[in-house]
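Novice: Structure below; questions to follow.
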Amino acid sequence: MSIYVSVPVADVERSTRFFTAIGWSVDERFSSEHGTGFVIADGQYLMVVEREFFAGMVKSGKTLGDPAKVALAAIAFDLPSREAVEELVARAAAAGATLDEPDDYGFMYQHGFDDPDGNHFEPMWADPSA
């Protein structure tokens, strides 16, 4: 099973620069003038979508939240090591992310960040033998 996560953004070009800077590759199949698709890893995809277009994707009539003001979701994904988490977070910080303090539970390590729009990401590593 694959997962496709879409998040609303105010500026698709800014978001494209941000996620490219942290090392995620653009997937042209899921990109248009309304948004950019990224490959996070095999079977893991992120789409950054302009806010107005995103609002039209949600057919239930719900009000579109602003991730800069309201926590909407924590998008967590695993990496192969603590060092890989910190390398990604360092790239995110250099690209303009807002960082959380890391959480170290011994068997699990995570270090969250918000993208320039406030969407929250939680790269993490866990010891599979724990």
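Novice: Looking at the range 86-130, which of the residues that are touching a residue at least 60 places away in the same chain (Cβ under 8 Å) and assigned to a loop (DSSP other than H, G, I, E, B) is farthest from residue 68 (Cα to Cα)?
Specialist: Among those that are touching a residue at least 60 places away in the same chain (Cβ under 8 Å) and assigned to a loop (DSSP other than H, G, I, E, B), it is 95.
Novice: Can you name every residue in the range 80-102 that is farther than 17 Å from residue 18 by Cα and either more than 18 Å from the chain's Cα centre (by Cα) or open to solvent by 60 Å² or more (accessible area, probe 1.4 Å) (or both)?
Specialist: Correct list: 80, 81, 82, 83, 100, 101.
Novice: I need the full set of residues from the range 103-125 which are more than 19 Å from residue 6 (Cβ to Cβ) and either exposed (fewer than 14 other Cβ atoms within 10 Å of the Cβ) or of a type in the set (S, T, N, Q) (or both), in order please.
Specialist: The answer is 103, 104, 105, 106, 107, 110.
Novice: Between 77, 54, 38, which is open to solvent by less than 40 Å² (accessible area, probe 1.4 Å), at pLDDT below 95 and assigned to a strand (DSSP E or B)?
Specialist: Answer to the selection: 77.
Novice: Any idea how many residues of the range 57-73 are open to solvent by less than 70 Å² (accessible area, probe 1.4 Å) and either touching a Pro at 6+ places or on another chain (Cβ under 9 Å) or closer than 19 Å to residue 114 by Cα (or both)?
Specialist: Residues flagged as open to solvent by less than 70 Å² (accessible area, probe 1.4 Å) and either touching a Pro at 6+ places or on another chain (Cβ under 9 Å) or closer than 19 Å to residue 114 by Cα (or both) within the range 57-73 amount to 5.
The values are calculated or read from the model by the stated rules, or taken from the named source; none is laboratory data. Everything quoted here is computed from the prediction, not taken from an experiment. Quick reminder, even Gly has a Cβ in these numbers, built from the backbone with ideal geometry, and neighbours come from all protein chains shown. Surface accessibility is based on the protein's heavy atoms, side chains included, excluding ligands, DNA and RNA. Shrake-Rupley method; radii C 1.70, N 1.55, O 1.52, S 1.80 Å.
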